[in-house]
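Encoded as structure tokens, the structure appears first; notes follow it.
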Amino acid sequence: MIQILRTDSQNLDFKDLVSLLDTDLAKRDGEDHSFYAQFNGITHLKHTLVLYEDDMPIACGAIKKFNETSVEVKRMFVLPENRGQGFASKILTGLEEWAKELGYKTCVLETGLRQPEAIALYKKNGYQVIANYPPYVGIANSVCFKKDL
């Protein structure tokens, strides 16, 4: 049974999944990890999702205000053994629905070239590549996306 919980960044399951995400990103990003890590704090995230399969937390994601009309998608992660089953798309769709309920018109996000599965996910879900927005302007590894809701 699949359940998606709306919560915030104080949720322990969310924190545990993000810790695994950070470990994965540290390996992928190597020397660049400290640059990205400064923009990935979770202390004040008010809109996070945790996806449970049979009461086990296996995926997460979050949104935060980017500007008056947009949210930024953050902290997307699915446990490696649960990838390829559509859970990331379920999280992404849930975040988009929540953003619409909050009155936002668009979602933006940043991911890295060393995360080809993330790039494929966002393209599959209707996100378009855009010019890198601050603080990712000029960062060769960064790819930024936008989707109108």
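The values are calculated or read from the model by the stated rules, or taken from the named source; none is laboratory data. Just so it is clear, the model here is predicted, and its values are computed rather than measured. We place every Cβ from the backbone using ideal geometry, glycine too, and count neighbours over all the protein chains shown.
Here are some notes:
- Only one entry in Val137, Val108 is surrounded by fewer than 19 Cβ atoms within 10 Å (Cβ to Cβ), among the β-branched types (Val, Ile, Thr) and under 14 Å from Val73 (Cα atoms), namely Val108.
A quick yes/no check of all residues on (1) hydroxyl-bearing (Ser, Thr, Tyr); (2) in contact with a Pro (Cβ under 7 Å, 6 or more places away or on another chain); (3) modelled with pLDDT of 95 or more:
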position: Leu45; (1), (2), (3): no, no, no
position: Tyr52; (1), (2), (3): yes, no, yes
position: Cys60; (1), (2), (3): no, no, yes
position: Ile63; (1), (2), (3): no, no, yes
position: Asn67; (1), (2), (3): no, no, yes
position: Val78; (1), (2), (3): no, no, yes
position: Gln85; (1), (2), (3): no, no, yes
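- Restricting attention to the stretch 94-113, the residues that are more than 12 Å from Asp148 (Cα to Cα), acidic (Asp, Glu) and in contact with a Leu (Cβ under 7 Å, 6 or more places away or on another chain) total 0.
- Hits in the stretch 3-39 (condition: part of a loop (DSSP other than H, G, I, E, B) and either modelled with pLDDT of 85 or more or of a type outside the set (Phe, Trp, Tyr) (or both)): Asp8, Ser9, Gln10, Asn11, Gln38
- Segments classed as strands (runs of 3 or more DSSP E), wholly inside the stretch 40-138, with at least 1 members that are polar (S, T, N, Q), free of Cβ contacts under 8 Å to residues at least 60 places away in the same chain and under 21 Å from Thr23 (Cβ atoms): 47-53, 106-112
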